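Reviewing the structure listed below.
The values are calculated or read from the model by the stated rules, or taken from the named source; none is laboratory data. Everything numeric in this text was worked out from a predicted model, so none of it was measured. All Cβ positions, glycine included, derive from the backbone under ideal geometry; neighbour counts span all protein chains shown.
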Amino acid sequence: MPSDNPVSDAAEGITKGVLDWSLEKITSFISKLKNKKLAFLENPQTMETVMDQYRSGEGKFYRNYITDKSILPLVMIGLTLRSVEEDEERLHTLRDNVFKKYHAEGLHVAEFVQMGILNRYIGILLEELTSIPEFKNSIEEILKNIEKHTLFVRTTNKKAELIKSADIKIRASSPRIFIISGIKSATKLVSESIDSFKVILKDYEFERVSNNEKEILFFKRKNH
C-alpha cells in the first residue's frame, strides 16, 4: 500500500542505504524533501545547497549516526550555514528562516554544526568509545537537548550573566561535556570569562579552540 507520508519514508530511507542510493532515488528524495521539509527556506538555491550537504561526505557520516528525523535536517542546515558563510546576505537570511521555523533551540543546533563544535564533540566521544549504540545515543542526546549542554555567547550578554547561566546549567544537569562558544565580536567576552568559567567547572577538564572568528571552550567532566 502506498505510504501517506512520502517525506517520512524518504527520511527513513537515508538511514538504511546511505551508500547504495541511485541517482534516481536521490532525485526523488530531493523533490519530496523540497516540497515539505525545506519549504520554509523559500529560496530554491538554498534548498539545493542543503541537499548538497546531504550528499557530502560529512552529511553521509551524520546520516549514519543520527536517525532522529527532527534533528537531521537541522544538522544539514548547519552544514549549509557553514558553506555560505562568505555570503553575508544568504547567511543571515538562512539564520532568520531557521529561527522563525525552529526558534532559538533549533538555530543553536544548526550553529553547533556550523561552527564545527559537533565534529570536536564527536572526536571526544571517540576517544572513549565503548559501543556504537552509546556513541549514537550521545550524539543525539546533545542535539536534542542542546540548551542543557551548551552556552552560546552573544555580544549583548554581560559577563556576570554568563557565569550565572553556566552555573545554573551545570548544577541542573551535570552534563558529561559542557561547551561554551562565541563568534566574531563575542569571542572577546568568552576569552575574558575563561578563568571564571574554570572556577564553576572545577570538576571538568578544559580544552580551548580559538581563532579570530570563534572562541569555543570544551569542559569534560573528570573521572573520579
Inset, instruction - Check segment 198-212 and report whether any residue there is part of a helix (DSSP H, G or I), closer than 28 Å to PHE61 by Cβ, modelled with pLDDT under 95 and not assigned by TED's automatic domain parsing to the domain that holds SER70. - result: no
Inset, instruction - Mind telling me which of the residues LEU118, LEU217 ends up being under 27 Å from GLU86 (Cβ atoms), in contact with a Phe, Trp or Tyr (Cβ under 6 Å, 6 or more places away or on another chain), modelled with pLDDT of 95 or more and not in a loop (DSSP other than H, G, I, E, B)? - result: LEU118
Inset, instruction - Go through (1) modelled with pLDDT of 95 or more; (2) farther than 20 Å from ILE168 by Cβ one by one and return the number of the condition ILE179 breaks. - result: (2)
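Counting only residues that are within 20 Å of SER210 (Cα to Cα) and among the aliphatic types (A, V, I, L, M), which one in segment 110-136 is surrounded by the most Cβ atoms within 10 Å (Cβ to Cβ)?
Step one: filter segment 110-136 for residues within 20 Å of SER210 (Cα to Cα), giving 110-124.
Subset that is among the aliphatic types (A, V, I, L, M): 110, 113, 115, 117-118, 122, 124.
Values: ALA110: 25, VAL113: 23, MET115: 22, ILE117: 21, LEU118: 22, ILE122: 17, ILE124: 16.
This residue is ALA110.
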Legend entry - Restricting segment 81-93 to residues that are in contact with a helix residue (DSSP H, G or I) (Cβ under 9 Å, 6 or more places away or on another chain) and surrounded by fewer than 21 Cβ atoms within 10 Å (Cβ to Cβ), the residue that is nearest to ILE139 (Cα to Cα): ARG82
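I'd like the full set of residues that are assigned to a loop (DSSP other than H, G, I, E, B) and either in contact with a Phe, Trp or Tyr (Cβ under 7 Å, 6 or more places away or on another chain) or over 13 Å from GLU192 (Cα atoms) (or both), limited to segment 140-169. Quick ask: steps written out before the conclusion?
Applying the first criterion (assigned to a loop (DSSP other than H, G, I, E, B)) to segment 140-169 yields 145, 154-158.
Matches in segment 140-169: ASN145, ARG154, THR156.
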Legend entry - Tally of residues being among the polar types (S, T, N, Q) and either under 14 Å from TYR102 (Cα atoms) or buried (at least 21 other Cβ atoms within 10 Å of the Cβ) (or both) across segment 54-80: 2
Legend entry - Qualifying residues in segment 142-173 (those that are touching a residue at least 12 places away in the same chain (Cβ under 8 Å) and surrounded by fewer than 12 Cβ atoms within 10 Å (Cβ to Cβ)) - the one nearest to LEU118 (Cα to Cα): ARG154
Inset, instruction - For ILE179, state whether it is part of a helix (DSSP H, G or I), among the β-branched types (Val, Ile, Thr), touching a Leu at 6+ places or on another chain (Cβ under 9 Å) and surrounded by 17 or more Cβ atoms within 10 Å (Cβ to Cβ). - result: no
Inset, instruction - Determine whether TYR102 is part of a helix (DSSP H, G or I) and within 11 Å of the chain's Cα centre (by Cα). - result: no
